[in-house]
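Some notes on the structure that comes next.
The values are calculated or read from the model by the stated rules, or taken from the named source; none is laboratory data. Since the model is a prediction, treat every value here as computed from it, not as a measurement. Cβ atoms come from the backbone with ideal geometry, glycine included; neighbour counts cover every protein chain shown. All accessible areas refer to the heavy atoms of the entire protein, side chains included, with ligands and DNA or RNA removed. Shrake-Rupley method; radii C 1.70, N 1.55, O 1.52, S 1.80 Å.
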Amino acid sequence: EAGQHERVPPVAVAFGMYAMVDRAKSDKAGHEVYKEVEFVKIAVPGDKNSNFFQPSTEVYRRRFPRAYDAFKARTHGTPLEGMPIEQWAAVSRSTALTLRAAHIHTVEALAAVHEGNVDRVGLSNARELRDKARAWLASAQDSAETLRLAAEKKKLEDRLAANEALLADMQRRMNERDQASDAPAAPRRGRPPKSAEAEAAA
């Protein structure tokens, strides 16, 4: 498929989505927010040391078109973004699987379940879990806002300290310049000037 010579050993190729932490969105939300990134895995059958696993690029999509087409054919739904429901400490694994079966893959999705659908989730405490998800997200958002304000305060304090240091340095330079201008001029080196009598006698 990749157009390689027959002497080149064949490789096993698989494309898939891998959940990675989005640092920028995590800092903003106050909890870990994941995003799904397309990865490619390449291995040589029989060689246990061969294991290439990296984010996919157009190079690999074109090199292995059949494997990529198979991956796209089995991919459904929208990419995950948020806190994966199975990583939320408030639910057990069985509860997480039940929620995923109801197309609820993140805590954010659980918090957004409409009142008319909450009884269809398949859990007797679905409404309670939804309320917990909303409270948890609100708390995380408050924490993120607190951290943001603290960071802004620190930046402002650092900026003020830098300005004060700059002003102090400028004042020191001005004082040194004023002292230098007020000091008596040093006598010039060389022969002393002749007196008036010496000049007349000359």
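Structure notes:
- Subset of the range 79-133 that is of a type in the set (D, E, K, R) and within 24 Å of residue 16 (Cβ to Cβ) - its residue that is most open to solvent (accessible area, probe 1.4 Å): 93
- Of the residues in the range 43-53, none is open to solvent by less than 50 Å² (accessible area, probe 1.4 Å), at pLDDT below 90 and either closer than 30 Å to residue 103 by Cβ or part of a helix (DSSP H, G or I) (or both).
- Residue within the range 74-83 that is modelled with pLDDT under 85, closer than 30 Å to residue 112 by Cα, assigned to a helix (DSSP H, G or I) and not hydroxyl-bearing (Ser, Thr, Tyr) present: yes
- Test: residue 151 is hydrophobic (A, V, I, L, M, F, W, C), at pLDDT 85 or above, at negative phi and surrounded by 11 or more Cβ atoms within 10 Å (Cβ to Cβ): no
- Among the residues of the range 100-144, those that are farther than 14 Å from residue 88 by Cβ, in a helix (DSSP H, G or I) and at pLDDT below 85 comprise 101, 118, 119, 120, 141, 142, 143, 144.
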